[in-house]
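Asker: Below you will find the structure I want to go over with you.
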Amino acid sequence: MLVKEAKMLGNVSTGNTKMPGTTFAIDAFACITGSKLAKIPGTPCNKCYARRLQTIRPSVNQGWKANLAKFKQALSDNALPQWSQAMAFQILRYNTDGYHRWFDSGDLQNAEMLDAICQVCYMTPDIKHWLPTQERAIVAVYFQNHEQPPNLIVRISASKIDGPLPKHTTHTSNVFTDTEHIHGQECEARKRGNNCGDCRACWDRSVSNVSYPKH
């Protein structure tokens, strides 16, 4: 597969200076659960940074919408195996440190997308994949009938700032405003100039919950 051919199915990003590895983003305005939470004060999605970025940067907006459109086209064309191959090809080509994040903007759209991502994980066994999501139902139903790739960690995000952690799942994350609501591993990126530095807690299976300060 050529780079040009792979990018016709979606673009894996290598330009995130705040976290390691590669990332993949889609339209934040297309989030299913997130779009509902965005209307509710006190939720992490209410003041979504990705939506703000899409609003002020047309090129980013265009790129993330294009990634989603290309996935939907692949789904419509029964070409998800090719989509997975294209994502895996780019990750293997551009990833230099072994870590990949799904959805630094956007979220799972359906079980087919989750399955396609799992196939990418199987094709990239030496890469650790992290997928944060609000789509509890998609994740729960899919993994009732499928094994989770050993190199994929799915973290269900709490729906309320300073709210309870998600239940019935192994790995979670939450947003806090005070120390009372720090659970498990505190994200210290803010103390490092909004940079992960050498921390890899989000990808670490031994870390059950990661708490992010509200920003």
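The values are calculated or read from the model by the stated rules, or taken from the named source; none is laboratory data. Bear in mind the structure is a predicted one, so any value in this text is a computation, not a measurement. In this analysis, Cβ positions are derived from the backbone assuming ideal geometry, glycine residues included, and neighbour counts consider all displayed protein chains. The area values use the complete protein model at the heavy-atom level, side chains included, leaving out ligands, DNA and RNA. Shrake-Rupley method; radii C 1.70, N 1.55, O 1.52, S 1.80 Å.
Asker: Could you sort the peptides 157-169, 82-94 by per-residue average Cβ neighbour count (10 Å cutoff), highest mean leading?
Answerer: Result, highest mean first: 82-94, 157-169.
Asker: Now for a different question. List the lysines whose Cα sits under 29 Å from the Cα of Lys214, skipping any in the same chain fewer than 8 residues away.
Answerer: Straight-line reach from Lys214, under 29 Å: Lys18, Lys36, Lys39, Lys47, Lys65, Lys128, Lys160, Lys167, Lys191.
Asker: What percent antiparallel are the DSSP beta bridges of the chain, to the nearest 5? Numbers along the way, then the final one.
Answerer: Details: 1 of 21 bridges.
DSSP beta bridges in the chain are roughly 5 percent antiparallel.
Asker: In terms of modelled amide H atoms, which long-range or inter-chain residues lie less than 5 Å from the amide H of Leu152?
Answerer: Those qualifying (amide H under 5 Å, at least 5 residues apart or on another chain) are His129.
Asker: Per residue, how much accessible area does the range 62-205 have with a 1.4 Å probe, in Å²?
Answerer: On a per-residue basis, the range 62-205 sits at 49 Å².
Asker: Per residue and in cubic angstrom, what volume does the convex hull of the Cα atoms of the chain have?
Answerer: In the chain, the Cα convex hull volume per residue is 121 Å³.
Asker: Summing Lys, Arg as +1 and Asp, Glu as -1, what charge do residues with Cβ under 14 Å from the Cβ of Leu108 carry, Leu108 excluded?
Answerer: Values: positive: Lys72, Arg101, Arg136, Arg155; negative: Asp27, Asp104, Asp107, Glu112, Asp115, Glu135.
It works out to a net charge of -2.
Asker: Among Asp104, Asp204, Asp77, determine the one that fluctuates most according to a GNM of the chain built with springs between C-alpha atoms less than 10 Å apart.
Answerer: With Cα springs under 10 Å in the chain, the top fluctuation among Asp104, Asp204, Asp77 is at Asp77.
Asker: Determine the sum of side-chain charges near Thr55: Lys and Arg each +1, Asp and Glu each -1, restricted to other residues whose C-beta is under 15 angstrom from that of Thr55. Before the final figure, lay out each step's value.
Answerer: Details: positive: Lys47, Arg51, Arg52, Arg57, Lys65; negative: Asp27.
Net of charged neighbours comes to +4.
Asker: Given an 8 Å cut-off on Cα distances and at least 6 residues of separation, report the relative contact order of the range 68-215 as a percent.
Answerer: Details: 207 pairs, mean separation 25.9, N = 148.
Dividing the mean separation by the residue count of the range 68-215 yields 17 percent.
Asker: Hey, another quick one. Percent of accessible area on the chain owned by carbon and sulfur, 1.4 Å probe?
Answerer: Whole-percent figure for carbon plus sulfur exposure: 53.
Asker: With a point put 7 Å past each Cα toward its Cβ, work out how far Ser206 is from Gln73 in nm, to one decimal.
Answerer: Calculated label separation equals 4.5 nm.
Asker: Going by alpha carbons, how many degrees (0 to 90, nearest 10) lie between the helix axis of 111-123 and the longest principal axis of the chain?
Answerer: 80
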